[in-house]
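Enquirer: If you scroll down you'll find the structure; I have some questions about it.
Just so it is clear, none of the values below were taken in a lab; they were calculated from the coordinates. Only a predicted model underlies this, so the values are computations on that prediction, with no experimental measurement involved. So basically every Cβ, Gly included, is an ideal-geometry build from the backbone, and we count neighbours across all protein chains shown.
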Amino acid sequence: MAYDFDLFVIGGGSGGVRLARIAAGHGARVGVAEERFWGGTCVNVGCVPKKIMVQAAEYGMWAEDAAAFGWTSMVKGEHDWAVLAAARDAEVARLSGIYGKLLMGAGCQVFDARATFIDAHTLDVGGKRITAERIVIATGGQAMKLDIPGAEHGMISDGLFTLPALPRRVAIIGGGYIALEFACLLAGLGAQTEVFYRAPLPLTGFDQDIREALPEALQAQGIVMNAGIMPRGITRSGDGYSLALSNDALCQVDAVFFCTGRKPNTAGLGLEAAGVAMNAAGAVIVDDEHATSQAHIFAIGDVVDRLNLTPMATAVGHALADTLFGKNPRRASYLNVPTAVFTSPPIGTVGLTEAEAARLGPTDVYVARFTPMRHTISKRQGRKTTMKLVVDQASQTILGAHMLGEDAAEIMQGIGIAVAMGATKQDFDRTIGIHPTAAEEFVTLRTRTRVVGEAQ
């Protein structure tokens, strides 16, 4: 059978675009459909605009701290939301446009349309019937709201980037990384911010020492952390909203953000017609090669709900293109993937947590907590840095590294290389530190804090 395309990619996010470009570079006839915006969540309503707003919030802190270093003309004034929004939106538009240009430059055929399955090789793309020998699902995920009365009064995370002005009182529902990033940037820009979450500590799944250290840093910024308290319902109250809480209290706010998780974007794709299996959460089930239950249909990125990070999706997309069309079969590894949380201060992490490592056997744990040099001068409270190494006792291999503190994301990128290469504690010990930096602490941790885990 002659197909219209060798490869058709459903979704124009980072993973889908990388896959399509590389496959086209290998000589494949490639089509790509995107129904919303090129670049996906990360570029348009995720990583990029969020990081710009995080940086905006940091400038206010720096202005306040400057006097301690002798600067007398730097005064924190009123923040101009409109100026920030215009600059942010211009950068997002620029990056989104680049994605489309890259695809066309690579020779891909681009469709600004929704694509759904008619059968295992046939798609409806904006009302046009298209066939493809291979198809990749790269439709990402979407934010969810809690199923409570009045949920329609709250926004999902996307709503932050369309607000016409800064809300003065904000409630953020959820204790994950998106919730905490939003709390920090909104508080930093001047909003009275409260966070509500079920667990005793935020950031479930992260290392315990980091989870315990973070609330202190957030509370020092005036963020109210409500552990174990969740809303039962939301009602309109004057110009704002009233949250009825599980502790029987009421909270009055101007805006409510649901940061309560994301789900794979598979609804309405027609996967049943194509014979593509999903799990109970709606994620596409794939094997180690990212093939679905149909051997010629693949899925990558957040739609498989494995490790929902933009760089992971792009790495998988590149590897899949090389495997299918580049005569270079390979896989992108899901092990030891560095990641960051852009709270204030930020978190950087790679590898296993202490609890995960302890389940494998005896583990040496090294922890340092200190005030960084900048804040020994500024006297700003809640800015202590926490740094941690998790080490396999038998082999002395570094199993995990974790940091809460300024520049954590930048530092962890380099540490991630070492961990991915299998570096040992002795490799770290013989590396000369750069002084004076916080980063040097990772190579000067000499005193073991504790031993966890039992021999298997």
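Enquirer: Among 177, 109, 95, whose Cα sits farthest toward the positive end of the charge dipole of the range 88-184 (+1 at Cβ of Lys/Arg, -1 at Cβ of Asp/Glu, about the Cα centre)?
Expert: So the residue furthest toward the plus end is 95.
Enquirer: Remind me, relative contact order of the range 339-450 in percent, using alpha carbon pairs under 8 angstrom and six or more residues apart?
Expert: For the range 339-450, the relative contact order is 31 percent.
Enquirer: Given R₀ = 25 Å, what would the calculated FRET efficiency be for residue 59 paired with residue 158, taking r from the Cβ atoms and rounding to 0.05?
Expert: The computed FRET efficiency comes out at 0.55.
Enquirer: Given 277, 334, 300, which one lies farthest toward the positive end of the charge dipole of the range 270-342, if we put +1 on the Cβ of every Lys and Arg and -1 on the Cβ of every Asp and Glu?
Expert: Of the candidates, 334 comes out farthest on the positive side.
Enquirer: Antiparallel DSSP bridges in the range 151-260: what percent, to the nearest 5?
Expert: 40
Enquirer: Short version: ³J(HN,Hα) in whole Hz for each residue of the range 235-242, in order, from phi by Karplus 6.51 cos²θ - 1.76 cosθ + 1.60 (θ = phi - 60°), x for Gly and Pro, what are they?
Expert: Here the 3J(HN,Hα) series is 10, 5, 9, x, 8, x, 9, 10 Hz.
Enquirer: Within the chain, what's the longest stretch lacking GluC sites (Glu not before Pro) that sit in DSSP loops with no more than 11 other Cβ atoms inside 10 Å?
Expert: So the longest stretch without any such site is 79-453.
Enquirer: Taking the Cα centre of the chain as origin, work out the dipole magnitude from +1 charges on Lys and Arg Cβ and -1 charges on Asp and Glu Cβ, in debye rounded to 20.
Expert: Dipole of the chain, to the nearest 20 debye: 340 debye.
Enquirer: Share of Cα-Cα pairs in the range 1-103 beyond 19 Å, in percent?
Expert: Pairs farther apart than 19 Å: 58 percent.
Enquirer: Hey, if you put +1 on the Cβ of every Lys and Arg and -1 on every Asp and Glu Cβ in the range 317-456, which of 435, 357, 413 ends up farthest toward the positive end of that dipole?
Expert: About the Cα centre, the residue reaching furthest to the positive side is 435.
Enquirer: Any chance you could list the semi-axes, whole Å, largest first, of the equivalent ellipsoid that the Cα gyration tensor gives for the chain, using √(5λ)?
Expert: Taking √(5λ) for each eigenvalue gives 38, 30, 22 Å, largest first.
Enquirer: For the chain, calculate the relative contact order in percent as a whole number, restricting contacts to Cα pairs under 8 Å that are 6 or more residues apart.
Expert: 15
Enquirer: Further question on the same structure: Residues with amide H under 5 Å of residue 299's amide H, sequence separation 5 or more or different chain, H placed in the peptide plane at 1.01 Å from N; which?
Expert: The list, which skips near neighbours in sequence, is 137, 292.
Enquirer: Computed FRET efficiency, Cβ-Cβ of residue 376 and residue 449, R0 25 Å: what is it to the nearest 0.05?
Expert: 0.65
Enquirer: Please work out the C-alpha center-to-center distance from the range 123-163 to the range 347-398 and express it in whole Å.
Expert: Comparing the Cα centres of the range 123-163 and the range 347-398, I get a distance of 37 Å.
Enquirer: Taking the Cα centre of the range 332-456 as origin, work out the dipole magnitude from +1 charges on Lys and Arg Cβ and -1 charges on Asp and Glu Cβ, in debye rounded to 20.
Expert: Magnitude of the dipole: close to 520 debye.
Enquirer: Here is a follow-up. Counting only other residues whose beta carbon sits under 11 Å from that of residue 141, what net charge do I get with K and R as +1, D and E as -1?
Expert: That sum, taken over residues with Cβ under 11 Å, equals 0.
Enquirer: For the pair residue 128 and residue 413, how long in nm is the line joining their label points, each one 7 Å along Cα→Cβ?
Expert: About 3.8 nm, to one decimal.
Enquirer: Can you give the % of DSSP beta bridges in the chain that are antiparallel, to the nearest 5?
Expert: So the antiparallel bridges in the chain amount to around 60 percent.
Enquirer: Still on this model: Non-local amide H neighbours of residue 399 (under 5 Å, H modeled in plane, Pro and chain starts lacking H): which ones?
Expert: 390, 391, 392
Enquirer: Give, as a single signed number, the net charge of other residues whose beta carbon lies under 15 Å from the beta carbon of residue 321, with Lys and Arg counted +1 and Asp and Glu -1.
Expert: Here the charged neighbours net out to +3.
Enquirer: Between the helical axis of 177-188 and the dominant principal axis of the chain, each derived from Cα atoms, what acute angle in degrees is found, rounded to the nearest 10?
Expert: Relative to the chain, helix 177-188 is tipped by roughly 50 degrees.
Enquirer: How many angstrom lie between the C-alpha centres of the range 21-88 and the range 187-208?
Expert: Using only Cα atoms to place each centre, the spacing works out to 21 Å.
Enquirer: Something else about it: With a Förster radius of 60 Å, plug the Cβ-Cβ distance of residue 76 and residue 1 into 1/(1 + (r/R0)^6) and report the FRET value to the nearest 0.05.
Expert: Once rounded, the FRET efficiency stands at 0.35.
Enquirer: In percent, what relative contact order does the range 220-332 have, based on Cα pairs under 8 Å that are 6 or more apart in sequence?
Expert: Dividing the mean separation by the residue count of the range 220-332 yields 13 percent.
Enquirer: Please report, for the Cα atoms of the range 339-450, the Rg to one decimal and the Dmax as a whole number; what are they, in angstrom?
Expert: Expressed in Å, the Cα Rg and Dmax of the range 339-450 come to 13.7, 42.
Enquirer: Further, regarding this structure: For the range 105-211, what proportion of DSSP beta bridges, expressed in % and rounded to the nearest 5, is antiparallel?
Expert: Counting only bridges with both partners in the range 105-211, antiparallel ones make up about 60 percent.
Enquirer: Moving to a separate point now. For residue 145, give me every one of the lysines with a C-alpha distance below 29 angstrom, ignoring sequence neighbours fewer than eight places off in its own chain.
Expert: Residue 145 reaches 50, 51, 263.
Enquirer: Charges at C-beta only: +1 for Lys and Arg, -1 for Asp and Glu. How large is the resulting dipole of the range 151-260 about its Cα centre, in Debye rounded to 20?
Expert: 260
Enquirer: Which are the unpartnered cysteines of the chain, meaning those with no other cysteine Cβ under 4.7 Å from their Cβ?
Expert: Cys with no partner Cβ under 4.7 Å: 108, 184, 251, 259.
Enquirer: If you don't mind, another one. Alpha carbon centre of the range 309-326 versus the range 249-284: separation in Å?
Expert: 24
Enquirer: List the longest stretch of the chain that has no exposed loop site; here a site is one of the chymotrypsin sites (Phe, Trp or Tyr not before Pro) assigned by DSSP to anything other than H, G, I, E or B, with at most 16 other Cβ within 10 Å.
Expert: Free of exposed loop sites, the longest segment is 72-333.
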